[in-house]
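First comes the structure, then the notes that go with it.
The values are calculated or read from the model by the stated rules, or taken from the named source; none is laboratory data. These figures come from a predicted structure and were not determined experimentally. Neighbour counts run over all protein chains shown; Cβ positions are idealised from the backbone, glycine included. Remember, those area values only see protein heavy atoms, side chains included, never the ligands or the DNA or RNA. Shrake-Rupley method; radii C 1.70, N 1.55, O 1.52, S 1.80 Å.
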There are 2 protein chains.
Amino acid sequence: MAIKTPITVAYGDGIGPEIMQATLSILNAAQAQIEPEVIEVGEKVYLQGYTSGIPDKAWDSIKRTKVLLKSPITTPQGGGYKSLNVTMRKTLGLFANVRPCVAYAPYVPTKHPDMDLVIVRENEEGTYSGIEHRSTDEVYQCLKLMTRPGCERIVRYAFEYAKKFNRKKVTCLSKDNIMKMTDGLFHRVFNEIAPQYPDIKNEHLIIDIGTALLASNPERFDVIVTLNLYGDIISDVAAQIAGSVGLAGSANIGNTVAMFEAIHGSAPDIAGKNIANPSGLLNAAVQMLVHINQPEVASLIENAWLKTLEDGIHTGDIYSAEYSKQKVGTQEFAAAVVERLGQKPLHFKPANYKSGTYAKIECYGGEPHAQSKKVLVGTDIFIDNPTDISANELAEKLTKLGGTTELVVLTSRGLKIWPNSSIETPYLRHICCRFQSSKDVKSLKEISHNDINKLLAQFEQLGLDVVKTENLYTFDGELGFSLAQGQ
Amino acid sequence: MAIKTPITVAYGDGIGPEIMQATLSILNAAQAQIEPEVIEVGEKVYLQGYTSGIPDKAWDSIKRTKVLLKSPITTPQGGGYKSLNVTMRKTLGLFANVRPCVAYAPYVPTKHPDMDLVIVRENEEGTYSGIEHRSTDEVYQCLKLMTRPGCERIVRYAFEYAKKFNRKKVTCLSKDNIMKMTDGLFHRVFNEIAPQYPDIKNEHLIIDIGTALLASNPERFDVIVTLNLYGDIISDVAAQIAGSVGLAGSANIGNTVAMFEAIHGSAPDIAGKNIANPSGLLNAAVQMLVHINQPEVASLIENAWLKTLEDGIHTGDIYSAEYSKQKVGTQEFAAAVVERLGQKPLHFKPANYKSGTYAKIECYGGEPHAQSKKVLVGTDIFIDNPTDISANELAEKLTKLGGTTELVVLTSRGLKIWPNSSIETPYLRHICCRFQSSKDVKSLKEISHNDINKLLAQFEQLGLDVVKTENLYTFDGELGFSLAQGQ
């Protein structure tokens, strides 16, 4: 008999315990070779004073088993409680959020019966890093950071996933026509990695058009890979139009730990009534079984579940006069799935996860590439200008500053306000003063950090409130900064 | 006889000239009191060497008439040509993009026949300001800037628009559960302004759920106000599911100038064939007529156009065996609309733009509010760390630095990596070193810019490559910066 794989299990809050019980009863009946270790996370733990909702003992278990099957939890309102999911994602480096979105028509109503796609969302970077600063009374800023290893990791994951699950196409969504450096990096990395998978088609769409196509014509997509924020938005769109918010599971994948859960919440209003649909968590458990290399059990369970849907044995949330035969509770639904273990669906395509190949996908990013030559050539000094000194007046002061750099342009919210600005009424309370070692970007020379420090000292003498700086570099002679409109 | 309003007209590229001709022939027949001034913008102008696609003479006309009716243009590929729309939006301060999304079922197929909403998108701020920097070999960054006046202006515009056009509800979409400062500002401003319009319902939704609801259930929305990027995405979703990409017009509104256009492109493949549908530009012209206070003419034209749709006189793009009676060309369609001037639709609700009130909405933002007390209390110094010095080693060096501040936390991509980090494999090549005047955020004292400059000099002595700084402030005692996870 096979050695059982230890997994960590969290029963969660609200309907969590009953759907976990139902799910584990099915895994048990299907003879999944798992050894569950139960941890306590969520509401009770928050209220015991753990602001992250997870005690040290639970961390120990997750780090030992490296696999977590988790029911939805309730985060108490107010009191600075932090999202457990965000904490786990960040702490454990769960860089990929993987969400299959499948329509189960006609049993679950949808306008898109042929929809069957998977969203692979970058989970750690972009504007969701939560790095925010208030620079002036009126101006707030959020940093969107993108790293090359981060992009490489998620794009490679998407292609490896496509290969493993026999998907035919990977679509990259970004807004690189506007954000040429950050989203541009994501798209460039996609273009670098895609040719390494000649059997998988690839395409890139701008996120606005891509989301519109997803909403109107989801059948055209197979695997989608995209940035954190965009992935968040399109995951909700896809789940909603599939009609299956109650049926979908999702995975948060890192190179060491992976976490599997339903995409729905803890629904405290219907907790303990034996009416919740355990399908979301069950589908997450199927993803988990493939991940821990028990593909036969995964197929066995998914097929029994599909057959149960086809037989019209439905929980209340998907009950319809037309397609349901019997309205059942959580436990009865689980029992119906167990009864059908070994059966295959007739209407739906049966699951057949390949065995024999170890299932885990590890992606580290950091492809070998030559380190480029980085040269410091200037700095952007941002000031708070509450008294609305005009751009010309400011420029007059700043052009007089000595040193190895000279004032090249003043901008506000990315718009040139000096010299020769055509802006009618510029916003003057937050100004970026760009100093370069040469006005001509083609003849930039190297400067030192000390040069910048001297410049900052001169700003102080002028009584200017420097709120931030962004140094300007070239990399192998290429500009490492965007030019202002009209610079 | 009324004095004619001068307007600037651009015939554009591709199908632009023929749809403009059709549109103007209808405006003419409806006796719109306009005096068109024709300018040349677009492809030809780009190729003459104007990288922005617009010559000075054209600017003069727009600034004089303050109203532009514009056909789609073609931006040549490559060669650094800049989007004319982006240039005009930024230069002229066109802060609001206003896009009505209406279903015209059954004549235009859609799954959402009752959809009738308006998206008011912030047009100048957010990640679309295009302020990007490459800080290290691997790390790229985009600044998302939000200003209080910018938020006030767009939110007020949305409510004023709702009031003027008798809309019942304004929905705000943001992601303020993650971006508490930037998106939080947008939501807070919405909450401040909404109560000033007690007759208009208001609600706030998180952008992911909001977009999903828009895609599945657009009938529940009336006016939507949102940030630049989100507005870009949902505008495309809404147009697509309305089925009316070829029928919709949009407005870009500033306090002095406004620009009206179709949402579709220049479609060079069908140019000059008299088959293009002029409806998008015509609907934009209707928006323009309301804007220049000719509401009766606007209603006259819109009603004739609706009647033409109902009568089954359709261009090829919306022709269907079931609902069309006659397939017509661009000119014939325009002639059919002209024939119906004075008639009202039977299936659709007739337009009835109110007369007597001057139509232009001006919104300046900058509501009077007490200037808060801003105190400099620390700084975030970001370094490039290509040799992967460990967090502990770095912290050891930095805790020794003297001065009025002390090292409080090291973070990478927003995650705490020192002290007491639980991150398994932190990203070490881009590190934020946070110095505060006190470890305890409740007892922060004021420091000077000179203190920060001294700190930067010490970084230089240590040979650290400072790539950027973000100063830390309190505003009326409130923190002007986000805390790291676990700080």
Counting only residues in the stretch B:1-55 that are farther than 27 Å from B:V290 by Cβ and β-branched (V, I, T), the one modelled with the lowest pLDDT is identified as B:T51
Only unsatisfied item for B:S372, checking (1) more than 14 Å from chain A (Cβ to nearest Cβ); (2) open to solvent by less than 90 Å² (accessible area, probe 1.4 Å); (3) in contact (Cβ under 8 Å) with a residue 60 or more places away in the chain, is (1)
> Does A:T136 meet the test of being buried (at least 16 other Cβ atoms within 10 Å of the Cβ), in a loop (DSSP other than H, G, I, E, B) and of a type outside the set (D, E)?
Replying inline: yes
Counting only residues in the stretch B:353-369 that are surrounded by 15 or more Cβ atoms within 10 Å (Cβ to Cβ) and modelled with pLDDT of 80 or more, the one farthest from B:L289 (Cα to Cα) is identified as B:C363
Flagged in the stretch A:103-144 as out of contact with any Ser or Thr (no Cβ under 8 Å at 6 or more places or on another chain), within 12 Å of chain B (Cβ to nearest Cβ) and over 30 Å from B:P149 (Cβ atoms), in numbering order, are A:K111, A:H112, A:N123, A:E124
The condition of being open to solvent by 60 Å² or more (accessible area, probe 1.4 Å), in contact (Cβ under 8 Å) with a residue 40 or more places away in the chain and farther than 25 Å from B:F165 by Cα holds, among B:K111, B:K44, B:K57, only for B:K111
Inspect the stretch A:89-97 for any residue being small (G, A, S), assigned to a strand (DSSP E or B) and open to solvent by less than 10 Å² (accessible area, probe 1.4 Å) and give the result as yes or no. yes
Scanning the stretch A:183-198 residue by residue, those open to solvent by less than 20 Å² (accessible area, probe 1.4 Å) and without any contact (Cβ under 8 Å) to a residue 40 or more places away in the chain turn out to be A:G184, A:L185, A:F190, A:A194, A:Y197
Restricted to the stretch B:98-111 and to residues being part of a strand (DSSP E or B) and among the aliphatic types (A, V, I, L, M), the residue nearest to B:I313 (Cα to Cα) is B:V102
Taking the stretch B:386-405 and the residues there that are in contact with a helix residue (DSSP H, G or I) (Cβ under 7 Å, 6 or more places away or on another chain) and surrounded by fewer than 22 Cβ atoms within 10 Å (Cβ to Cβ), the one that is modelled with the highest pLDDT would be B:T404
Just one listed residue, out of A:V408, A:V467, A:V441, is among the aliphatic types (A, V, I, L, M), touching a strand residue (DSSP E or B) at 6+ places or on another chain (Cβ under 8 Å) and within 9 Å of another protein chain (Cβ to nearest Cβ), and it is A:V467
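To keep it simple, each residue is scored yes or no on (1) more than 17 Å from B:E460 (Cβ to Cβ); (2) open to solvent by 20 Å² or more (accessible area, probe 1.4 Å); (3) in contact with a Phe, Trp or Tyr (Cβ under 9 Å, 6 or more places away or on another chain).
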position: A:I431; (1), (2), (3): yes, no, yes
position: A:R434; (1), (2), (3): yes, no, yes
position: A:E446; (1), (2), (3): no, yes, no
position: A:L455; (1), (2), (3): no, no, yes
position: A:Y473; (1), (2), (3): no, no, yes
position: A:G480; (1), (2), (3): yes, no, yes
Residue pairs within 6 Å by beta carbon, gap of at least six or interchain, first lying in the stretch A:92-104 and over 13 Å from A:E124 (Cα atoms), second among the charged types (D, E, K, R) and open to solvent by 10 Å² or more (accessible area, probe 1.4 Å), listed first then second, are A:V102/A:D116
For the stretch A:306-342 the number of residues that are assigned to a loop (DSSP other than H, G, I, E, B) and either modelled with pLDDT of 95 or more or hydroxyl-bearing (S, T, Y) (or both) is 11
Discussion item. Here is a check on your reading of the model: is B:N303 surrounded by 14 or more Cβ atoms within 10 Å (Cβ to Cβ), within 33 Å of the chain's Cα centre (by Cα) and assigned to a loop (DSSP other than H, G, I, E, B)?
Written reply: no
Output for Cβ contacts, cut-off 8 Å, separation at least six or different chains, first residue more than 17 Å from B:D465 (Cβ to Cβ) in the stretch A:448-461, second in a helix (DSSP H, G or I), reads A:A457/B:N450; A:A457/B:N453; A:F459/B:H449; A:E460/B:H449; A:E460/B:N450; A:E460/B:N453
Condition set among the aliphatic types (A, V, I, L, M) and in a loop (DSSP other than H, G, I, E, B), scope the stretch A:112-133, selection modelled with the highest pLDDT: answer is A:M115
(1) over 16 Å from A:S135 (Cα atoms); (2) within 8 Å of chain A (Cβ to nearest Cβ); (3) in contact with a strand residue (DSSP E or B) (Cβ under 6 Å, 6 or more places away or on another chain) all hold for B:N450 apart from (3)
Selection over the stretch B:142-165 where residues are of a type in the set (A, V, I, L, M) and more than 14 Å from the chain's Cα centre (by Cα) yields a count of 2
Of (1) more than 9 Å from every other protein chain (Cβ to nearest Cβ); (2) buried (at least 18 other Cβ atoms within 10 Å of the Cβ), B:G265 fails just (2)
Quick check on A:T425: is it at the interface with chain B (Cβ under 9 Å from one of its Cβ atoms), polar (S, T, N, Q), free of Cβ contacts under 8 Å to residues at least 12 places away in the same chain and assigned to a loop (DSSP other than H, G, I, E, B)? yes
Of the candidates A:P345, A:P350, the one satisfying the condition of being at pLDDT 95 or above, away from every other protein chain (no Cβ under 14 Å), in contact with a Leu (Cβ under 9 Å, 6 or more places away or on another chain) and surrounded by fewer than 18 Cβ atoms within 10 Å (Cβ to Cβ) is A:P350
